[in-house]
Amino acid sequence: MAHLNRATPLSRVGFGRSAIVADGVVLTDTALDAARRGDLDGIPVLLSSNGTEATLFTIGTAEPTDDELLTWFAEFSNQPEDLLALYQADRYESNLERYRTMLTDLQFACRNWTYAEASTGTTYVVAYDYTSPNDPFGVGPTHGAELIPLFAHPEGIIGLSPGWPESEPEAEVLSDAMQEAWVSFATTGDPGELFVPYGDGRRVTVLDDPITVVDDFRGGRCDDVRALAPL
């Protein structure tokens, strides 16, 4: 991972705008482009993001000043003031948290809406938002965190106690539900009754304790985020 300093917005160190990279060999086009062409017609899709995805990619980043923050937002939008206004300072602990939240919206969570709306098959949009009480780094549900309950195999995460998620009853319930849903989706194209298609009122299934379905995902910002920073 590139070292980030006070003056280095993520778009300059490879965080980029494309979540799925076409290599011209195995993938000749992005999944989004394929969906927009109708190439995935009738294929069920499950899209997932995590609540604090961008935190992992900004570990070690210094707190930006107000001017620096606006410059960083300008890397993603030609209307940075309007984009920044969606992340009011009094709602966040720091400017860095405002930036992380915007990146999570733009690069992951709200991006999934764009794909779901292009897809012509049944599409499920899922958000992993569970924060373990045993969160040694204080990063919450960041990029990759969902793999722990999904595979019930935390040994690769330094600092987690042996036996997690079994040591947390609520995490064990979530782990079982995720495993059942992923296996069901892989075999039948349907993750089960706890999940609703995105097309049903643009609703998102939130994997937390308990699992819920929401229609105000990411504080209702995704339409504005996508308008100000087209994906």
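Values quoted throughout were computed directly from the atomic coordinates according to the rules given, and no laboratory measurement underlies them. Note that this is a predicted model, so its numbers are computed, not measured. For neighbour counting, all protein chains shown are included, and Cβ atoms are generated from backbone atoms with ideal geometry for every residue, glycine included.
Working from label points 7 Å from Cα in the Cα-to-Cβ sense, the Leu56 to Asp33 distance is 2.6 nm.
Computed over the range 189-231, the percent of Cα pairs more than 12 Å apart is 66. So, R0 is 30 Å and r is the distance between the beta-carbons of Ala85 and Glu63; what FRET efficiency does that work out to, to 0.05? It comes out at approximately 0.90. With the largest listed first and rounded to whole Å, the semi-axes of the equivalent ellipsoid of the range 42-92 from the Cα gyration tensor are 27, 16, 12.
When the square roots of the Cα gyration tensor eigenvalues are ordered a ≥ b ≥ c, the ratio a/c for the range 82-231 is 1.5 or more and a/b does not exceed b/c, which makes its shape oblate. The shape of the range 45-164 comes out oblate: with a ≥ b ≥ c from the C-alpha gyration tensor, a/c is at least 1.5 while a/b does not beat b/c.
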